[in-house]
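Enquirer: I have a structure here, written as structure tokens, and I will follow up with some questions on it.
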Number of protein chains: 4
Amino acid sequence: MNIAMLGSGFIARFYADSLQAQRAKDKLISVYSRNIEKAKKFAEDYSLGFFSDDMDKVVRRPDVDVVVISLPNNLHEAAVEACAKAGKHVLCTKPLGRNASEAKRMLDMVEKAGIMGGYLEDLCYTPKFLKSLKSIQDGNIGKVLWAKSREAHPGPHSDWFWDHEQSGGGAMVDLGCHCVEIARSYIGKRIRPIEVMCWAATQVHPIKAEDSGIGLVKYANGAIGQFEVSWCFRGGMDLRDEVMGTEGTIWLNNFLRTGFEMFSTGKGGYVAEKAESNSGWLFPVGDEIHELGYTNMFTDMFNAIENKTEPMETFYDGYIVNAILDAAYASAASGKWEPVQIEGWRGEKNDDHSANFVSYDVDHYLIKKEILPNGENKLILKHKVSGVVTVKNITE
Amino acid sequence: MNIAMLGSGFIARFYADSLQAQRAKDKLISVYSRNIEKAKKFAEDYSLGFFSDDMDKVVRRPDVDVVVISLPNNLHEAAVEACAKAGKHVLCTKPLGRNASEAKRMLDMVEKAGIMGGYLEDLCYTPKFLKSLKSIQDGNIGKVLWAKSREAHPGPHSDWFWDHEQSGGGAMVDLGCHCVEIARSYIGKRIRPIEVMCWAATQVHPIKAEDSGIGLVKYANGAIGQFEVSWCFRGGMDLRDEVMGTEGTIWLNNFLRTGFEMFSTGKGGYVAEKAESNSGWLFPVGDEIHELGYTNMFTDMFNAIENKTEPMETFYDGYIVNAILDAAYASAASGKWEPVQIEGWRGEKNDDHSANFVSYDVDHYLIKKEILPNGENKLILKHKVSGVVTVKNITE
Amino acid sequence: MNIAMLGSGFIARFYADSLQAQRAKDKLISVYSRNIEKAKKFAEDYSLGFFSDDMDKVVRRPDVDVVVISLPNNLHEAAVEACAKAGKHVLCTKPLGRNASEAKRMLDMVEKAGIMGGYLEDLCYTPKFLKSLKSIQDGNIGKVLWAKSREAHPGPHSDWFWDHEQSGGGAMVDLGCHCVEIARSYIGKRIRPIEVMCWAATQVHPIKAEDSGIGLVKYANGAIGQFEVSWCFRGGMDLRDEVMGTEGTIWLNNFLRTGFEMFSTGKGGYVAEKAESNSGWLFPVGDEIHELGYTNMFTDMFNAIENKTEPMETFYDGYIVNAILDAAYASAASGKWEPVQIEGWRGEKNDDHSANFVSYDVDHYLIKKEILPNGENKLILKHKVSGVVTVKNITE
Amino acid sequence: MNIAMLGSGFIARFYADSLQAQRAKDKLISVYSRNIEKAKKFAEDYSLGFFSDDMDKVVRRPDVDVVVISLPNNLHEAAVEACAKAGKHVLCTKPLGRNASEAKRMLDMVEKAGIMGGYLEDLCYTPKFLKSLKSIQDGNIGKVLWAKSREAHPGPHSDWFWDHEQSGGGAMVDLGCHCVEIARSYIGKRIRPIEVMCWAATQVHPIKAEDSGIGLVKYANGAIGQFEVSWCFRGGMDLRDEVMGTEGTIWLNNFLRTGFEMFSTGKGGYVAEKAESNSGWLFPVGDEIHELGYTNMFTDMFNAIENKTEPMETFYDGYIVNAILDAAYASAASGKWEPVQIEGWRGEKNDDHSANFVSYDVDHYLIKKEILPNGENKLILKHKVSGVVTVKNITE
């Protein structure tokens, strides 16, 4: 697979490092940047044969199989359009659009053009996420009741994130897009997100957009998704997921506590990514590229292109994420639950809320079984008709 | 200090164990229970000189200095009334009332009677909480922006919790009262809670009340409090707090991950409190009574009585908690932010929301300072008038 | 219980804080220091009625029930002698002696005088230790095979520790005494320690004694105790125990990872004990006095005096610890295993090494049962006579 | 790179999974097994074009670039010989030999044949190890004083490990080879290992070899390496490293605590590798192949072949590891430190033990600088001539 890169900034370099990390058969061959000097530097750094500040030129070259978009959010749509016209498969950095209508147009473009639109949602490809998703699908924690994803750090590296016009929003668009898709994946992508309640505020930075946000997403099956995002967090990059199921629990820590702990008096310089210091207790990640999902993500994307199948994360998923975020912004403004508006929902239509209460006998529901330290065994029961709660001692 | 106990159930035993744990000069001397057999058993177990099923008799005995209420929520008010009439100091289990009006009447009773009304909010007395609160007061993490407290477990031991009439609610009244007061303490008890947004649902159990709830509490200074409670959690008792400040972060794990890890094939029987099993990986707490705050709580309460000062947690605090929970229930019903209604607010009146943006120079705010791995140093700035975001490279 | 304190330094203050921490009925009433100014200051700080630089005067006062020795190691023996003469119960800071002969003389003195000699081994009283010891005694992890205790920090606060004459040794005498007794307690105090192999070195500090040491202690039942100590550790105080049993595992972290994590940019000053910094990630302990065992230790000691029973840690235990450390120093010098020389061993005499191999059938031992991810079930067997190892597939 | 696999068991499958995990340009093409049925099954499972039970046939085929040895330890030498004769690069599973003389012969063979001999020491390629090694080389923790590596689990899957003749030893040869090389790498591969002290015992299993062992390895620069291995551990696979340096500390947990925690009531079946159960708290690893170092290991090996450079781990390293293990076994038998006997040492010859003590002034060494909670600042000094230890208060 021959790959062209659009963009040459922080994330483009991350992708390039990932593509060149092991002995892969896929190759980055060209780069576009609005700034020709940066394009040149990037091409030199990664030994690419072609660079240009003319996007169409880069996209259209016949040796290019797939295009990776690593541009600011406001440039995604035009880049996707260029790929669609050129008939090149396209992989787009998150979030897909600044809002759902942009995302929907991009989705329509790739589907009309018959190309693959891969949504580069790396955090849905981390080794921990993939394994926990499989566990959930295997039934290890029962039905998912609540899925929380949290991403917080001291704010993005590049200036354009802080400019509402280019980014389309603040921490919610930047980080929330990850969290929304992670929770949605755990709950089940075929379950429809119904409505969103959200708090958002500009707590610290002199910007127009929110630098903190918390949201709740109600799903059709009664499960609740939760996102917590902030650009005000101190201490590194906080990247955690928690899932509660009827039969179990999952806790993931993707970055700050992964079994790697180092104390340094500060001699020796740079240690860990996104740490705020080089001294004291530090918590590096072993292989950041792999831990953040880039390796598995590109493998899935290129396999899907080769096998003409769908990757795990498509433009349709990117669109759903934007739709949920739109509802979150609406709720932050209105102060009430706001509906998630989706054109062309592709999942389950039948919204069954009914909880399946466990019966103890014909007349009673079982509320809880208790085993106390003193060996006492008791059942807490509720009469199905009268609603009266009683205790039944079953100690042998 | 001579102590009378009202109630003889799970929590009464916890209190009694705490009062007798070390070589304390304060003594439990009598007990009341609605069930005379239980009163007798309790008196025997703790070597008490007097027991009765007549509450007034227990409260009024002249050798009693202070009364501890360990009764179901619906019996708190009558018990406080009995103490007020007898002129005995009273310490009441959380939550103070089933709702704010009950709590307000109890607050009024003790204040009119001139007795001390101590609110037994043990989780505001855990060693970790006390030390982190001091750190925050010392300025170690700057201004608190967000304080989250989470309590979740597989549901309470006693039947009456599951009966809405006796308890006044579900997981929110039972566990949320802790979380609300913890977050409020971190943010500052003199800062007024303004409004609440809450999701609550009955996800698993056949009961009338909620078995899961998540709420956001907006404070007058722009900080946000968050509670997460559930009776559906699997894996033990999840008791965690997180605080984000402008200058730092605090993460507390009070129960499931405290540096005590045990694997057992299951030989040997009972190991850890509230664990759901005796085999596999288990996470006991060293000294549950101390770690859950009981020791410090009673020390503070009895010192306050002796010194005629206020304890850290009073009936007034209990009332505020109930007022916040009332707003949470209202929001869960209405689907929008609901105001916290407080009669006789005793904290700060001046609600200053203004964030203090950091200036870089006369014309610019400083958004962020970046030090990249490659040694690059840059500033992200925003023009105060035009709002334009720019980057300034300051690498030496 | 009325308590006299001998010594006014770091550890004396720790003890005093512990004795006054909660509402205890026992009271510190007097203090001795070689330096009268320090004695006076200590008496003022803790509101004591009497202070002196004459040890005998302090010990002999009739209102004193029990004496606590908080003096440098080389002064323990004389202090014990003074208590023995005065017939006062005595509690002595660890290590009991600088070596086993000093310790043995102290043991003999208290036994001859008929007073209680309590050995203040606080780390055998931490809440985590007590609960894990109980678990082991309950059989939760089977027979203990290996017990490791580790204590390491950047070196002691007071000067006399660094002076071999006063201390009797380096990190091994200072920290190893804890580790030896912890491992011994897990393995079983009635099991005889047989021989010791030890490495010790002066790796960093300009001192005569060792600043790092690692030792292995063989017990009569085949179990192995291990200590790891250092005054060269960077990052705080590393205080961890690990136990392997035939049916389970215990891991304790007593100080640096106890579920309390704080990040601070450094505003606000002092945060955590023994941390090497006030900024970056910090790991405070909730209640240091309780977590380090002081509370439970004094409770046990005073109860033992009142009830005329033995406390958990006696001068005899202190003597055994010194005997093991003596063997460790001998081994560090000789480069080979050295016997533990004990006069008047009070534990089990019958040293049964025999492992109890599990038989699969008449002819075979069972080495291991395997359940592979693919569902395969197999047994690894060894023929009792020929010794041939075979595999038996038992997958249903 | 075209790869032939010798062996078709547990480790061969692990390697094959690794080689096929992402979109690599290197390909496994053939397999040898002593059992033709297993060879066939393996070839089918991994879609290989050739299989045989004739080792030479597999090794000699002209399309083979490199051979991977995944056979029991007693078959390594013959396999290396076959590769040397055929002039094929060879990568050999750990340990290289059952003892140092076997390993030395293999080293000589590949060097004489002019082929690359890669030592498949995967745990020296884990992402955490590589990053921590780089940190140490960058000076982040100063000079390494102590490096401990621990591997313990309930025993190997395959029968031949338990047979001394085939394996050459027990847990020390099986797991200790990893630990020895990890510690040696941290301390510095050019630093000569001098002597070893070791305890080994058969604590639980009915076997001839040791099922537990602890060893100390003295290095020429005064650093100490430590290994702890066991086949008696309960609770999964314990894989931890700890390093103490003059300026810092590193703690790695490679398997059991990596930020992935799951509780399951047991519904849903198989969850985590090497866990002893499918219910309760489980600690899976995200991507076992990557976390255990296989990915980076093969990348390094194949790059080295292509670039005609040395990989990080060569047969020479394997030989040194065997030499250290031989000394460990000798010490376990003799009860004293035993020299490490190395033919043709390739590292530093100059063994400088001298510690560099820090001077405070012309007359004094600085032992320690203290900052106490009360703000007191003091220095502990030692007179260079008299050795007297003094305190100097430098509080401003």
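The values are calculated or read from the model by the stated rules, or taken from the named source; none is laboratory data. All values derive from a computational prediction rather than experimental measurement. Virtual Cβ from ideal backbone geometry, glycine too; neighbours counted across all protein chains shown. To get the accessible areas, we keep the full protein, side chains included, count just its heavy atoms, and leave off ligands, DNA and RNA. Shrake-Rupley method; radii C 1.70, N 1.55, O 1.52, S 1.80 Å.
Enquirer: Let me confirm one metric for peptide C:284-297, namely the mean number of other chain beta-carbon atoms within 10 Å of its residues' beta-carbons.
Expert: Details: counts 8, 4, 14, 10, 2, 1, 8, 7, 0, 1, 0, 6, 5, 0.
Per residue, the average neighbour count from other chains is 5.
Enquirer: What does the structure give for D:362-371 when I average, per residue, the other chain Cβ atoms found within 10 Å of the residue Cβ? Before the final figure, lay out each step's value.
Expert: Working: counts 0, 0, 1, 3, 2, 12, 9, 2, 6, 4.
Shielding by partners across D:362-371 averages 4.
Enquirer: Here's something else I'd like to know. For the pairing of chain D with chain A, what total accessible surface becomes buried, with a 1.4 angstrom probe, in square angstrom to the nearest 100?
Expert: Summing both sides, the interface buries roughly 4100 Å².
Enquirer: How big is the Kirkwood radius of the range A:123-171, worked out from every pair of different alpha carbons and given in Å to one decimal?
Expert: Computed over the range A:123-171, the radius equals 13.8 Å.
Enquirer: So what's Rg/Rh here for the range A:1-59, counting alpha carbon atoms and using the Kirkwood radius for Rh?
Expert: With Rg and the Kirkwood Rh in hand, the quotient comes to 0.94.
Enquirer: Grab the other residues whose beta carbon is less than 10 angstrom from that of residue A:142, score K and R as +1, D and E as -1, and report the net.
Expert: Here the charged neighbours net out to +2.
Enquirer: Report Rg/Rh for chain B, rounded to two decimals, where Rg is the Cα radius of gyration and Rh the Kirkwood radius.
Expert: Value, to two decimals: 1.03.
Enquirer: Also, quick follow-up: What three numbers, in Å, describe the spread of the alpha carbons of the range B:72-128 along their principal axes, ordered from the longest?
Expert: The Cα atoms of the range B:72-128 stretch 37, 21, 16 Å along the principal axes, largest first.
Enquirer: A further question follows. In Å, what Rg and Dmax follow from the Cα atoms of the protein assembly as shown?
Expert: Rg, Dmax (Cα atoms, Å): 33.9, 102.
Enquirer: What is the mean projected area of the alpha carbon convex hull for the range D:224-301, to one decimal in square nanometres? Present the calculation step by step, with values, prior to reporting the outcome.
Expert: Working: hull surface 29.8 nm².
About 7.4 nm², averaged over all directions.
Enquirer: Do any trypsin sites (Lys or Arg not before Pro) in the range D:173-281 lie in a DSSP loop with no more than 15 other beta carbon atoms within 10 Å, and if so, which?
Expert: Sites meeting the loop and neighbour criteria: D:190, D:208.
Enquirer: Let me ask something else. Working from the pairwise distances between different alpha carbons, so that the mean of 1/r is found and then inverted, what is the range B:268-336's Kirkwood radius in Å?
Expert: About 16.0 Å for the range B:268-336.
Enquirer: Based on a Kirkwood Rh over C-alpha pairs, give the Stokes-Einstein translational diffusion coefficient of the range B:261-396 at 10 °C and viscosity 1.306 mPa s in µm²/s.
Expert: Rounded, D is 71 µm²/s.
Enquirer: Next up: Between the DSSP loop rule and a limit of at most 11 other Cβ atoms within 10 Å, which GluC sites (Glu not before Pro) in the range C:159-232 are left?
Expert: none
Enquirer: Place a +1 charge on the Cβ of each Lys and Arg in the protein assembly as shown and a -1 charge on the Cβ of each Asp and Glu, then give the dipole magnitude about the Cα centre in debye, rounded to the nearest 20.
Expert: Using only the charged Cβ atoms, the result is roughly 0 debye.
Enquirer: Could you give me the percent of Cα pairs per 5 Å distance bin for the range A:160-225, shortest bin first, beginning at zero and ending with the bin that holds the maximum distance?
Expert: Here the calculated profile for the range A:160-225 is 4, 18, 24, 20, 15, 12, 7, 2.
Enquirer: Could you pull out the pairs from A:143/D:131; A:41/D:189; D:25/D:308; C:41/C:274; A:94/B:143 whose alpha carbons sit more than 27 Å apart here? Walk me through the numbers on the way to the answer.
Expert: Details: A:143/D:131 38 Å; A:41/D:189 37 Å; D:25/D:308 18 Å; C:41/C:274 24 Å; A:94/B:143 32 Å.
Violating the 27 Å Cα-Cα cut-off are A:143/D:131; A:41/D:189; A:94/B:143.
Enquirer: Against the 2.2 N^0.38 Å scaling, with N counting residues, where does the range A:163-292 land? I'd like the Cα-based Rg ratio to two decimal places.
Expert: Details: Rg = 17.2 Å, N = 130, 2.2 N^0.38 = 14.0 Å.
Here the answer is 1.23, to two decimals.
Enquirer: Place a point 7 Å from the Cα of residue D:303 along the Cα-to-Cβ direction; which residues of the range A:269-307 have their backbone N under 19 Å from it?
Expert: A:285-292, A:294-296
Enquirer: Step through the residues of the range D:97-102 one at a time and calculate ³J(HN,Hα) from phi using the Karplus curve (6.51 cos²θ - 1.76 cosθ + 1.60, θ = phi - 60°), rounding each to whole Hz and writing x for Gly and Pro.
Expert: x, 6, 7, 5, 5, 4
Enquirer: Other chains' Cβ within 10 Å of B:229-236 residues: what's the mean? All intermediate terms of the calculation are to be shown ahead of the outcome.
Expert: On the way: counts 0, 3, 2, 5, 7, 12, 13, 3.
The per-residue average across the peptide is 6.
Enquirer: Same structure again: Report the Stokes-Einstein translational diffusion coefficient (µm² s⁻¹, integer) for the range A:98-192, Rh taken as the Kirkwood radius over Cα pairs, at 4 °C with viscosity 1.567 mPa s.
Expert: 83 µm²/s
Enquirer: Only bridges with both residues in the protein assembly as shown count here: give the DSSP antiparallel percent, nearest 5.
Expert: Here the share of antiparallel DSSP bridges comes out near 65 percent.
Enquirer: Could I ask something else about it? Of the beta bridges DSSP finds with both residues in the range A:65-215, what % are antiparallel, to the nearest 5?
Expert: The answer is about 35 percent antiparallel.
Enquirer: Could you state the principal axis extents of the C-alpha atoms in the range D:1-124, from the largest down, to the nearest angstrom?
Expert: Reported extents, whole Å, longest axis first: 37, 31, 26.
Enquirer: Treat the range C:211-261 as a sphere of radius equal to its Kirkwood radius over Cα pairs and apply Stokes-Einstein at 4 °C in a medium of 1.567 mPa s; give the translational diffusion coefficient in µm²/s, rounded to a whole number.
Expert: Approximately 99 µm²/s, per Stokes-Einstein.
Enquirer: May I pose another question? Which whole-Hz couplings ³J(HN,Hα) result when phi for each residue of the range A:34-50 is put into the Karplus expression 6.51 cos²θ - 1.76 cosθ + 1.60, θ = phi - 60°, listed in order with x for Gly and Pro?
Expert: 4, 10, 5, 5, 5, 4, 4, 4, 4, 4, 5, 4, 10, 6, 8, x, 8
Enquirer: Positive end of the charge dipole of chain C (Lys, Arg +1 and Asp, Glu -1 on Cβ, about the Cα centre): tell me which of C:49, C:139, C:200 has its Cα farthest that way.
Expert: C:139
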